[in-house]
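Note sheet for the following structure.
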Amino acid sequence: MRIFLDTANIEEIKQGARLGVVSGVTTNPSLVAREKGVSFQAVIKEIASIVEGPISAEVLSLELEGMVKEARELVQWADNVVIKVPISPAGLEAISILSRDDIATNATLCFSPNQGLLAALAGATYVSPFVGRMDDVGQDGMAVVADLVAIFRQYKLPTQVIAASIRHPLHCVAAARAGAHIATVPYKILMQMIQHPLTDVGIARFAEDWRRVSKA
Ligand code: E4P
């Protein structure tokens with residue numbers, strides 16, 4: 001399973017990219033809106049200059065023509081931009097038009113296996129089930145991830161599953177077990193994935209033992 005960062009914050013992306021474990025970035029309108037004083041275009045261009053892998057940028061229009069027009073503009077911003085499109089009748093049509101033009105898409109706001117299947121049939125490059133938001137309403141979010149992985153495998157559909165709306169490190173473990181191709185994680189969770197109290201204790205003990213021996 002690959003790891004993407006789910007943020008539009010440049011500092012977080014720079015820090016995460018240094019670790020050598022981040023192979024893409026997902027943004028959404030809420031995440032971009034948090035980065036005050038910088039334009040959408042400037043944020044996406046800067047992210048794309050830091051991370052070589054896919055950078056998801058979302059269209060804001062709700063109707064087909066607007067979605068396709070925005071998508072065609074967004075892909076001019078950088079070679080690695082992926083167009084994030086919400087799943088709706090217009091969204092599916094937009095995905096199918098864009099996929100015929102070889103424009104990579106990420107079908108977002110996916111909350112059911114049927115939505116994900118339709119996005120894959122429309123030609124989406126990625127589909128993003130929002131695990132945390134499903135868990136919030138008592139739906140088993142990771143089951144949707146597992147179902148999509150199984151369905152795509154069964155029918156040899158090339159669409160990749162991005163486990164999104166990740167809320168804690170155990171979501172990442174469950175996504176990997178479910179066979180998700182990618183988990184997109186907030187920076188804070190990436191940091192939590194690294195940490196373990198026994199690692200800290202072990203480092204301190206090794207250092208202390210070494211100090212004692214080297215003094216002797
Ligand atoms: C994914 O692409 C979305 O940007 C994100 O994972 C949504 O997460 P949230 O439910 O924490 O807003």
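The values are calculated or read from the model by the stated rules, or taken from the named source; none is laboratory data. As the structure is a computational prediction, the values presented were derived from the model and not from experiment. Using ideal geometry, Cβ is built from the backbone for each residue, glycine included, and neighbour counts are taken over all protein chains shown.
Evaluation of ALA57 against the conditions (1) out of contact with any Lys or Arg (no Cβ under 9 Å at 6 or more places or on another chain); (2) modelled with pLDDT of 95 or more; (3) not in a helix (DSSP H, G or I) shows that the sole unmet condition is (1).
Any residue at all in the stretch 49-58 that is within 14 Å of the ligand (Cβ to nearest atom), in contact with an Asp or Glu (Cβ under 8 Å, 6 or more places away or on another chain) and touching a residue at least 12 places away in the same chain (Cβ under 8 Å)? The answer is no, given that none of the residues of the stretch 49-58 is within 14 Å of the ligand (Cβ to nearest atom), in contact with an Asp or Glu (Cβ under 8 Å, 6 or more places away or on another chain) and touching a residue at least 12 places away in the same chain (Cβ under 8 Å).
Taking the stretch 9-29 as the search range and keeping residues that are farther than 12 Å from THR184 by Cβ and within 14 Å of the ligand (Cβ to nearest atom), which one is surrounded by the most Cβ atoms within 10 Å (Cβ to Cβ)? Walk me through how you get there before you give the answer.
Going residue by residue through the stretch 9-29, those that are farther than 12 Å from THR184 by Cβ are 9-15, 17-21, 29.
Imposing the further condition that a residue be within 14 Å of the ligand (Cβ to nearest atom) reduces the set to 9, 12-13, 29.
Working: ASN9: 19, GLU12: 19, ILE13: 22, PRO29: 14.
So, considering only residues that are farther than 12 Å from THR184 by Cβ and within 14 Å of the ligand (Cβ to nearest atom), the one surrounded by the most Cβ atoms within 10 Å (Cβ to Cβ) is ILE13.
When the stretch 95-109 is filtered for residues that are within 20 Å of the chain's Cα centre (by Cα) and either near the ligand (Cβ under 10 Å from one of its atoms) or in a helix (DSSP H, G or I) (or both), the ones remaining, listed by number, are ILE95, LEU98, SER99, ASN106, THR108, LEU109.
Residues that are assigned to a strand (DSSP E or B), closer than 21 Å to ALA71 by Cα and among the β-branched types (Val, Ile, Thr) within the stretch 11-54 comprise VAL25, THR26, listed in sequence order.
May I ask you to list the residues in the stretch 188-206 that are more than 22 Å from SER165 (Cβ to Cβ) and either surrounded by 10 or more Cβ atoms within 10 Å (Cβ to Cβ) or in contact with a Cys (Cβ under 9 Å, 6 or more places away or on another chain) (or both)?
HIS196, THR199, ASP200, VAL201, GLY202, ILE203, ALA204, ARG205, PHE206
Filtered by the rule that a residue be out of contact with any strand residue (DSSP E or B) (no Cβ under 6 Å at 6 or more places or on another chain) and buried (at least 20 other Cβ atoms within 10 Å of the Cβ), the stretch 147-160 gives a lone residue, PHE152. Which residue pairs have Cβ atoms under 9 Å apart, sit 6 or more places apart or on different chains, and have a first residue in the stretch 11-28 that is modelled with pLDDT of 95 or more and a second that is exposed (fewer than 15 other Cβ atoms within 10 Å of the Cβ) and not in a helix (DSSP H, G or I)? Hits for this filter: SER23/GLU52; GLY24/GLU52. Is it fair to say ILE83 is in contact with a strand residue (DSSP E or B) (Cβ under 7 Å, 6 or more places away or on another chain), within 16 Å of the ligand (Cβ to nearest atom) and either touching a residue at least 40 places away in the same chain (Cβ under 8 Å) or part of a strand (DSSP E or B) (or both)? Yes; evaluated as a whole, the condition is true for this residue.
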